[in-house]
Amino acid sequence: MYTSKVIDEFKNPRNVGEMEDATALGVVGGAECGDIMNMYLKIENDVIVDASFLTYGCAAAIATSSVATDMIKGKTIEEALKVTNKQVIEHLGGLPAQKIHCSVMAEESIKAAIDDYRANKAKAQ
């Protein structure tokens, strides 16, 4: 069902945990689908210098969160906005059809966190 990469990311997730000094938080999902993804970003000069996540959900949800945080570290916010769920799936070597929504949530959590960053930045000006 899952690739060895998905299993590895689930068993050994990277960047997991709440980030105390985050400059942005993106939250997606909810009780209706059963998965909740919190993406924390630390952004300096429009560059993502750190990323972490707290995800409540299945193995695919945790694996896609882990991969997504790795994929955006060091990128500008504009580069991070170009990360797609298909790229997350490719990085994992595939996902079962019924778990594709987890990769969509990973993409959406990046966008939600960047939206939060921009809103916070606008308030500060």
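Just so it is clear, none of the values below were taken in a lab; they were calculated from the coordinates. On a predicted model such as this, the values are computed, not experimentally measured, just so you know. Counting neighbours? That spans all protein chains shown, and the Cβs are built from the backbone with ideal geometry, glycine included.
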Quiz item: What is the extension gain from residue 11 to residue 81, computed as 0.36 nm multiplied by their sequence separation minus the C-alpha to C-alpha distance, in nm to one decimal?
Solution: 22.5 nm
Practice problem: Please report how far the C-alpha centroid of segment 1-33 lies from that of segment 75-125, rounded to the nearest whole angstrom. | Solution: 12 Å
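Evaluate the charge dipole of segment 4-85 about its Cα centre and quote only its size in Debye, nearest 20, assuming +1 on the Cβ of each Lys and Arg and -1 on the Cβ of each Asp and Glu.
280 debye
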Quiz item: Taking θ as phi - 60°, what are the ³J(HN,Hα) couplings along segment 8-24 by the Karplus curve (6.51, -1.76, 1.60), each to the nearest whole Hz, with x for Gly and Pro?
Solution: 4, 5, 5, 6, 10, x, 9, 6, 8, x, 6, 9, 5, 9, 5, 9, 7
Quiz prompt | Extension gain (nm, one decimal) between residue 125 and residue 20, 0.36 nm per residue minus Cα-Cα | solution = 35.5 nm
Practice problem: May I ask which of 11/82; 42/121; 11/111; 75/121; 42/99 have a Cα-Cα span longer than 23 Å here? | Solution: 11/82; 11/111; 42/99
Exercise. Starting from the Cα of residue 123, draw a straight line to each of the aspartates and glutamates and keep only those under 19 Å, dropping any in the same chain fewer than 8 residues away.
Key: 21, 44, 46, 115
Quiz item: What is the helix-to-structure angle for 59-72, meaning the angle in degrees between its Cα long axis and the longest Cα principal axis of the chain, kept from 0 to 90 and rounded to the nearest 10?
Solution: 40 degrees
Practice problem: Tell me the label-point distance for the pair residue 4, residue 56, using the 7 Å Cα-to-Cβ offset, in nm and rounded to one decimal. | Solution: 3.4 nm
Quiz item: Can you give me the relative contact order of segment 1-102 as a percent, contacts being Cα pairs under 8 Å and 6 or more apart?
Solution: 30 percent
